[in-house]
Amino acid sequence: MSPGAVVLDVEGTVGAIAHVHDVLFPYARERLPGWFAEHRGTARAARVLSGVREYLGTTDLDEAGAVAQLTRWIDEDVKAPPLKTVQGWIWATGYADGSLTSHVYPEVPRVLRRWHAAGVALYIYSSGSVTAQEDWFAHTPSGDLTPLLRGYFDLDTAGSKRSPDAYRRISAAIGTPPDATLFLSDSAEELDAAEAAGWHTAGVRRPDDPRPHPVPGRTTVRSLDERELGQLMR
């Protein structure tokens, strides 16, 4: 049996964790103060500041405090929605001016094209914002892959990747039954949550990932073309 829909994680699944931590995070971290100065008084800056305050449960936080908090979150890799939002906007500038290019593993463009041609609906679910996801797939070394993808989900649109309810929301949005949906991720906790929502799951553990292979308790592949889709349904 092949899935009707495949939902893919990004970091550690289609692209390298090191690219996120060594390229994208420092790029956003360096530009955070300047971004707030440039956007001071705009709706975007107000949205981020409000989001940081809400996440922290405080109303007593100014722009400088928000920048400091966002910087800490980058350093600690906190999956905070306001951080993911502003990172996506900062990265968008880098993608647009050519200073940033995303990373995808070598087989990913070929495999996505094959799955797309076979009629499988392809979606992305990442803690990175929808904006960041769209830019990631639009600016790969292999060109624009966004025509292969039907949609994107993030912490704002779906919720925490460790919550089964997030996967139920995605099922409702894409209109594919849970038992016809396959989720691929490098995170055991995310795979557990998806399985609790009735999805099929398979782990991905890339050769450059320092964590042990396989993902505990999961059918695990080292590349997306290691097995046929039907063999990953469990």
Pairs under 9 Å by beta carbon, first residue over 20 Å from THR93 (Cβ atoms) and of a type outside the set (A, V, I, L, M) in the range 139-150, partner part of a loop (DSSP other than H, G, I, E, B) and modelled with pLDDT of 95 or more, six or more apart or different chains?
SER142/VAL104; SER142/PRO106
Matching residues in the range 92-117 - criterion: being at negative phi and of a type in the set (Gly, Ala, Ser)
ALA92, GLY94, ALA96, SER99, SER102, ALA117
Are any residues in the range 1-47 over 30 Å from GLU107 (Cα atoms), assigned to a loop (DSSP other than H, G, I, E, B) and open to solvent by 60 Å² or more (accessible area, probe 1.4 Å), and if so, which ones?
ARG40, GLY41
Expected output for the range 167-196 (first residue open to solvent by 30 Å² or more (accessible area, probe 1.4 Å), partner hydroxyl-bearing (Ser, Thr, Tyr), Cβ below 6 Å, 6+ apart or cross-chain) is PRO178/SER171; GLU195/THR201
Filter result (out of contact with any Leu (no Cβ under 6 Å at 6 or more places or on another chain) and open to solvent by less than 80 Å² (accessible area, probe 1.4 Å)) within the range 48-57:
VAL48, LEU49, SER50, GLY51, VAL52, LEU56, GLY57
Look at TYR123 and say whether it is assigned to a helix (DSSP H, G or I), touching a helix residue (DSSP H, G or I) at 6+ places or on another chain (Cβ under 9 Å), hydroxyl-bearing (Ser, Thr, Tyr) and closer than 26 Å to ARG206 by Cα.
no
Name the residues in the range 133-150 that are assigned to a helix (DSSP H, G or I) and open to solvent by 10 Å² or more (accessible area, probe 1.4 Å), would you?
GLU134, ASP135, TRP136, ALA138, THR146, PRO147, LEU148
Go through the range 63-111 residue by residue and tally those that are within 23 Å of PRO207 (Cα to Cα), in a helix (DSSP H, G or I) and in contact (Cβ under 8 Å) with a residue 60 or more places away in the chain.
3
Has the range 114-131 got at least one residue that is of a type in the set (D, E, K, R) and crowded, with 16+ Cβ neighbours inside 10 Å?
no
Can you give me the number of residues within the range 58-91 that are of a type in the set (A, V, I, L, M), surrounded by fewer than 18 Cβ atoms within 10 Å (Cβ to Cβ) and under 17 Å from the mean Cα position of the chain (by Cα)?
1
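The values are calculated or read from the model by the stated rules, or taken from the named source; none is laboratory data. Every value quoted in this text rests on a predicted model; they were computed, and no experiment measured them. Heads up, the Cβs are rebuilt from the backbone with ideal geometry, glycines too, and the neighbour counts pull from every protein chain shown. We work out accessible area using only protein heavy atoms, side chains counted, and drop any ligands, DNA or RNA first. Shrake-Rupley method; radii C 1.70, N 1.55, O 1.52, S 1.80 Å.
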